[in-house]
Structures are given as structure tokens and as C-alpha cells.
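My structure is below; once you've seen it, I'll send some questions.
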Protein chains: 2
Amino acid sequence: MDIIPNNKYDSIYADLKNRIKQDEFQYQDKLPSETNLVLQYNCSRNTLRRAIKKLGADGYVQSVRGKGVIVIYNSHLENDLIKNGNHSFSQMADRNKIKFKTTVLLFDEIEVDKKLSLESTFPIGTPVYYIKRLRSIGSDNYIVEENYFMRKVVKDLTINIAQDSIYKYLKDVLNEPIATTKRILTIGLANEQDKKYLDLKTYNAIPIVTNYSFTNDGTMFEYTVSHHRPDKFIFYDQNETNPVSFMLKN
Amino acid sequence: MDIIPNNKYDSIYADLKNRIKQDEFQYQDKLPSETNLVLQYNCSRNTLRRAIKKLGADGYVQSVRGKGVIVIYNSHLENDLIKNGNHSFSQMADRNKIKFKTTVLLFDEIEVDKKLSLESTFPIGTPVYYIKRLRSIGSDNYIVEENYFMRKVVKDLTINIAQDSIYKYLKDVLNEPIATTKRILTIGLANEQDKKYLDLKTYNAIPIVTNYSFTNDGTMFEYTVSHHRPDKFIFYDQNETNPVSFMLKN
DNA sequence: TAGTATAACTTGTTTAAACTAGTTTTACAA
DNA sequence: TTGTAAAACTAGTTTAAACAAGTTATACTA
């Protein structure tokens, strides 16, 4: 998330975001005009607008033609502590900065069969690593997941690497960063494995996240199904113009 | 979703999307180069790149510097029929083109109290409409939701309007289109109301979507909590570079 | 005073051009 | 034939300028 920016627009984006978070520009304030900010940052209007656009996409601001750019970041709502009803959340754990302890439950090399091909879209016969992993923090288990990694892309995977971060391995060792991930979230009834590993309390249903990940060059190299502990699960999303994709099952 | 584009970049975006969907450019193909497409569409490189960027944000393509733009839209995966395991889904129902039948269960005008203020971020005392609605298709109920609309923004709301589309009313009558929606998805145990209205089968937990919506001018005017029928719920998301925001509850 | 036209703002769209930084192809040399 | 350097691609960043289309403030008129 907080990567050192090597672009002008990214550093302007980062700076404006900081100024918003530090309440220089408060909730429902207007940002200074483009003309003004161009002077502040000594950049072209295009570059500034690119930064603003990213702030909009991330739910920090909202532009209105003729009026200005309004701050809609509400520290009360999202300052690393989202209140939802009587509960409060923190500790964001995204794919890139996972603090999870990982236990490898199964590590295998298989070929995609017909059934797996249908759900994963991998062609039948594709050699893949098949891995089951348990993700935990302290003594609490949060996620049980099954990964299928294309062996052509993720070469020479070992249990040790699977215990650490496969994404770090991909990025640093193989120089194959992921570029896009498509994600489907559904609710499913907990199976025996979920009951065994996750503390389900009285819940009998859990969130299931299915991931399809692509490398730089457009190859779908990963199919992963994650079963999450329901009472600890939260998904956050902000959307400027695009409609949400809630769907209905047949 | 499929709005008539009045911009050049939107029409180029729409056209390229069609050409991808109609298999002129297939999964893992490269699009023609920017230079080539600029000639095809008789536009500037900037305008073309804007269209491509949108295609990328929507999960259709992926750009790689030095190489080209690769199609990652897989009709098998997403051509209005997403296969997930043994189930198949269709009939996308997003906020803008809802085909739901709406039954108003409760329609009231209240002022925000301390408890509601904490979850909604509306200031205490704010006059709001408090509405409970049931969303269904045919004889199947899909969603029970509670809406809180700021009366200052959503003026003179009636049960009839609530039965139709409040968003249409906002957009067409009050000329106040929503610009941004922030969304939190959690899993909760089903309450009596959920059991009464939704066909929960053996599920005792359901997806709960909390919406915070903003008008054009940055006012948060809506707080909504939706309880979904679990077996019919699916959330789809594609993400280019930004990390997902899965979080863990405290 | 009240209403209205205008000017001075605001952001949105589009084009053009120069440069940077990767990748692939070509051509030449060993 | 193989290896490497150069040329010809590819997309990414940044600036500049002109115009369109909204909103707000100003100033003038009735």
C-alpha cells in the first residue's frame, strides 16, 4: 500500500492523502482548486488530475464539475478503525502485507482433471501445485485455503516457500509480479475441514473467496479458494461510479 | 452499465469491450498497439489510453510496458454465467438496474439517536427517513434492508417512491445523483426478521452489506444495512493493482 | 430591492509532442 | 552458428494548450 512513489503523480497522491488524513483538508471540505494545487506541486494540470483521480478511486475525494473536489474521507468512519454496529475492527490484512503465520497442511503436484478444470478454468492436464494452507495469527486460525499454482509459472515451489510468502517468491525470485486478481465471494455451509480448523462458534456458514490471479503477461497462474472464519471477516470496498456486482445464483 | 457514451473515450472503451466480448480479441491475445488503435479510432493517444485504462480497471485487459495490452477477459469465466464449483450464476442485479419487486415493511421519519449515530456517522438529531424494505423476485425474497435517508437531501419521500426506486427519484426528480458508495461486507448470525422473510434453508448466518452513500456534493445522505439470502449471494470484484481490503475484526 | 445577464471561476475532454523505459527484432561480428 | 549491439518496436510519464460545460460571484438593469 505505502510503496515509495517513483512517479510525480504518485507522490502528489501520497502527499494529498496524508494532508487529508492529517485533517488539513477535512471531511466535506473542498480541496484547493486545480490551478492552486498545480502551483503548490509545481506540476502540470494533467499530472495533478491523475493524482486526484486516484484519490477519488480510493474513496478519499469526489470531484464535481464547476464546483470543486470534496473530501469524503471520514476519519470517524475509516481511520484504521471501522465501527460497524457495536463491533469495531482494525488490523487490515491484505495479500501484500500479510502478517499471518502459515501452516502447510498439504503439498502436492497434480494435473488438472475435468472437475477442477471447470471451476478453475485451467485446461485439463495442466501441471499444478496443489496446496492446502492454514493462516493464523497467534493461536487463532483465520483462513483455510486451497491453492492451485500453475507449475509453468511458479517453478520449483517448496514447502518452505509455501510456508513463507509465495507472492514474495514470485515477485523477488521469479520476477513475475501479479498484475490482476479477479475475486468472487460467496457464502457456503461449513464443511468438516472448516469445523476442524476454524473456530466457528455457532455459525454454520462461512465466507468463501475464490481468487483467479494473473501474471504480468496475462497468464492465469493461480486458482485459490479461501474459507474464512465468519466472525472475523470483513470486506471493504469503495466505488466511485462503477456499479457493484452483486449477483444472484441460479 | 451500458449507458450511451457521450465521450470519445467512453465510446472507444465500449467498442473495444464489444470486440473483446465478441471474440475478435480473444483471451490472452494482444490488442493492436496504441499506434494502431489511434489510427483505427482517429483519436489522440491520450484518449485511447484512457479507454484502455478503463478496460484494465474493469478486468478486461492488462498492460505490460514494452510488450502490449493483453486480453484477460475469459468468456468461460464471466460471460454472464460464472461457474463457481458446481453452481452457476447469472442475472446480475446491481443497484442501478434492479429488477427487484420492493415491499415497504416500515416507513417512518425519525431523528438520529446516539446509537444510530455511532454506526451511521450521521450527527445526533439528524432528521432521516427510516425505511424497512423487502426485495424479491417472483416469490423469492432476496434482501431485507433498513435504509436511513437524510431528509435534507431526499425531500418529500413517500411510500410509493420507496416502493419504486429511490435512486431514480434522486437522479431524475431531485437531480442529485449518487457519486460514491462505500461498502462493508460482513457475516452475521441471522435474526428473527431474517428467518421470517428470507428462505435460509439450513444456513444460520447471512451476508450483511452496509452502505454509506454520498451525493454529488460530498454529503453522506444514506446509511443502509442489507441482509441477504446466503445461498443466492455472490459478490464479484476485479482488481488491477490495488490490494484487497480484507480485514479482521478485533 | 430583486432579477438577470455576464464575467470569473470551477472541473471535464481532447489533442499534441517530447521524453522515459521496457521488449523484440534485426543485423552484424566473432 | 552463436552472441551481442543497435534499431525498431511496445507502453508509461509529463508538459502544454485549447476548448467544453458546469457553478458562483459580480455588476448592471428594471
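A short reminder: the numbers here are calculations on the coordinates, not readings from a lab. Keep in mind it's a predicted model, so treat the numbers as computed, not measured. For neighbour counting, all protein chains shown are included, and Cβ atoms are generated from backbone atoms with ideal geometry for every residue, glycine included.
Within segment B:206-220, whose backbone N sits under 18 Å from a point 7 Å along Cα→Cβ of B:N191?
In segment B:206-220, the label zone of B:N191 (backbone N under 18 Å from the point 7 Å along Cα→Cβ) covers B:206-212.
Here is a further query. In nm, what is the difference between 0.36 nm times the number of residues separating B:L39 and B:Q163 and their Cα-Cα distance?
Gain on extension, B:L39 to B:Q163, equals 39.7 nm.
What base-10 log of the normalised intensity I(q)/I(0) is obtained for segment A:113-202 from the Debye formula, alpha carbons as equal point scatterers, at q = 0.17, 0.23 Å⁻¹?
-0.96, -1.34
Same structure, new question: Sort B:T102, A:T158 so that the residue with the fewest other Cβ atoms within 10 Å of its own Cβ comes first and the one with the most comes last.
A:T158, B:T102
Here is a follow-up. How far apart, in nanometres, would the label points at A:D199 and B:T103 be if each is projected 7 angstrom from Cα along the Cα-to-Cβ direction?
4.0 nm
So, one more: Quick one: check the C-alpha center-to-center distance for segment B:200-225 versus segment A:106-128, whole angstrom.
So the separation of the two Cα centres works out to 37 Å.
Which order results if A:I234, A:I161 are arranged by neighbouring Cβ count within 10 Å, fewest first?
By the 10 Å Cβ count, ascending, the order reads A:I161, A:I234.
Moving to a separate point now. Modelling each spin label as a point 7 Å along the Cα-to-Cβ direction, I'd like the B:D23/B:T47 distance in nm, to one decimal.
The answer from the label model is 3.2 nm.
Sort B:V154, A:V104, B:V61 so the one with the fewest other Cβ atoms within 10 Å of its own Cβ comes first.
Going from sparsest to densest Cβ surroundings: A:V104, B:V154, B:V61.
Would you mind pulling out the separation of the Cα centroids of segment A:142-161 and segment A:1-61, in Å?
Computed from Cα coordinates, the inter-centre distance equals 38 Å.
How far is it, in nm, from the label point at B:I124 to the one at A:S75 when both lie 7 Å from their Cα along the line to the Cβ?
2.1 nm
Within segment A:213-234, whose backbone N sits under 16 Å from a point 7 Å along Cα→Cβ of B:K67?
A:213-222
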